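Below is one structure, written out as structure tokens; comments come after it.
The values are calculated or read from the model by the stated rules, or taken from the named source; none is laboratory data. The model shown is predicted, which means the values in this text are computed figures rather than measured ones. Because the Cβ atoms are built from the backbone with ideal geometry, glycine has one as well, and the counts that use them run over all protein chains shown. Accessible surface areas use protein heavy atoms only, side chains included; no ligands, DNA or RNA. Shrake-Rupley method; radii C 1.70, N 1.55, O 1.52, S 1.80 Å.
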Amino acid sequence: MSFNTYGHVFRVTTWGESHGPALGATVDGCPPGVPVTEADLQVWLDKRKPGQNKFTTQRREADEVEILSGVFEGVTTGTPIQLMIRNTDQRSKDYGDIAEKFRPGHADITYWQKYGIRDYRGGGRSSARETASRVAAGGVARAALAKIAPSVQVTGYMVGMGEKEIDRSRFDWNAIEQNPFWTPDATAAEDWADYLDALRKDGSSVGATIEVTVRGCPAGVGAPIYAKLDTDLAAAMMSINAVKGVEIGEGMAAAKLTGVVNADEIEMGSEGPVFTSNHAGGILGGISTGQDIVVRFAVKPTSSILTPRKTITKSGEATEIITKGRHDPCVGIRAVPVAEAMAAAVVLDHILLDRAQTGGERGPIG
């Protein structure tokens, strides 16, 4: 398995398994002189860590990050930054029953078919526990953005749970941090709580729709064809566990629009071009327009459920399985900080790419 790294200039390699002694990330390409501490990174990990309420897995992990290299006297040195998060609450015995069985909806069967070996303890490398490493690395990306592109703000939130969706007329940025679903609709959050609690008690789960908005990204970030900003954002989101679809701006809904409606008209403002709408999601031809960058993705229901499911054993025998252990009834909740981390890393990566190629020069308008 050699594909554990993402990024072009700002490169992140994650390592470790769900039930191993630790997991973490190696961050290479971070500019020197960026102020960053373990406390700075911990803020973001605390958003993702398990066991915070009844709507997430009850596995208790402090998710305390340690910086082992690449930072000296509170600032990055330009050398590889090694981040480590120790696993402290593994219960591998919960997975003894599935050593010979494949869990429907999981990567068990494909890992076995490809490698002929798999770590059945929580899914090993395929576990969503791996995303803690991404969030730590995303914290480094945010610190770098704060220094070299302070206008950039990355905010993720849930806009749908199952068939339930937010009412965008009630969209409130301040509400996102005030409920367990990271949703900008406080009224929807109350409804979702009852809905998910009932599913949890029934031993089932549900999917979700997550949206990430990047505000303040300057125009001109990204490149045509094979280095498109939206290409890398889509790949980053698609790499998150349980994600089954990604869209930018209008996304799939654009297929239902006419050209008259979909084209974002442009006016000249006092400080430069102004778009009258944002169907493109802040990206045209793979390059940022200066508008909000909007990415949206679908997360499937948690496959680890207490309802019996039919499956087979490694020897091909028919059987049933109940996935015991501690699992999220809706993985979309903890996918929000992961998505923010991935978006921050991609945007920083492309800002560094642009700085290397153009030096920040832009074609004049007006």
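Observations
- Within segment 168-186, tally of residues that are in contact with a helix residue (DSSP H, G or I) (Cβ under 8 Å, 6 or more places away or on another chain) and loosely packed, with under 14 Cβ neighbours inside 10 Å: 3
- Applying the condition of being among the aromatic types (Phe, Trp, Tyr) and modelled with pLDDT of 95 or more to segment 1-60 and asking which residue is surrounded by the fewest Cβ atoms within 10 Å (Cβ to Cβ) yields 15.
- Scan of segment 187-226 for residues that are over 25 Å from residue 161 (Cβ atoms), crowded, with 17+ Cβ neighbours inside 10 Å and of a type in the set (A, V, I, L, M), ordered by number: 219, 221, 223
Residue by residue, here is whether (1) touching a Gly at 6+ places or on another chain (Cβ under 9 Å); (2) assigned to a loop (DSSP other than H, G, I, E, B); (3) open to solvent by 20 Å² or more (accessible area, probe 1.4 Å) holds:
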site: 296; (1), (2), (3): yes, no, yes
site: 315; (1), (2), (3): no, yes, yes
site: 319; (1), (2), (3): no, no, yes
site: 333; (1), (2), (3): no, no, no
site: 357; (1), (2), (3): no, no, yes
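So that you can scan it fast, the table gives a plain yes or no per residue for (1) more than 23 Å from the chain's Cα centre (by Cα); (2) open to solvent by 50 Å² or more (accessible area, probe 1.4 Å):
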{"site": "109", "(1), (2)": "yes, yes"}
{"site": "112", "(1), (2)": "yes, yes"}
{"site": "131", "(1), (2)": "no, no"}
{"site": "150", "(1), (2)": "no, yes"}
{"site": "161", "(1), (2)": "no, no"}
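- With respect to (1) of a type outside the set (A, V, I, L, M, F, W, C); (2) surrounded by fewer than 23 Cβ atoms within 10 Å (Cβ to Cβ); (3) under 18 Å from residue 49 (Cα atoms), the lone exception for residue 165 is condition (3).
- Hey, residue 156 open to solvent by less than 20 Å² (accessible area, probe 1.4 Å) and under 27 Å from residue 12 (Cβ atoms) or not: yes
- The set of residues from segment 270-289 being touching a helix residue (DSSP H, G or I) at 6+ places or on another chain (Cβ under 9 Å) and assigned to a strand (DSSP E or B) comprises 283, 287, 288.
- Helices (runs of 4 or more DSSP H) wholly inside segment 182-269 containing at least 1 residues that are touching a strand residue (DSSP E or B) at 6+ places or on another chain (Cβ under 6 Å): 186-201, 229-238
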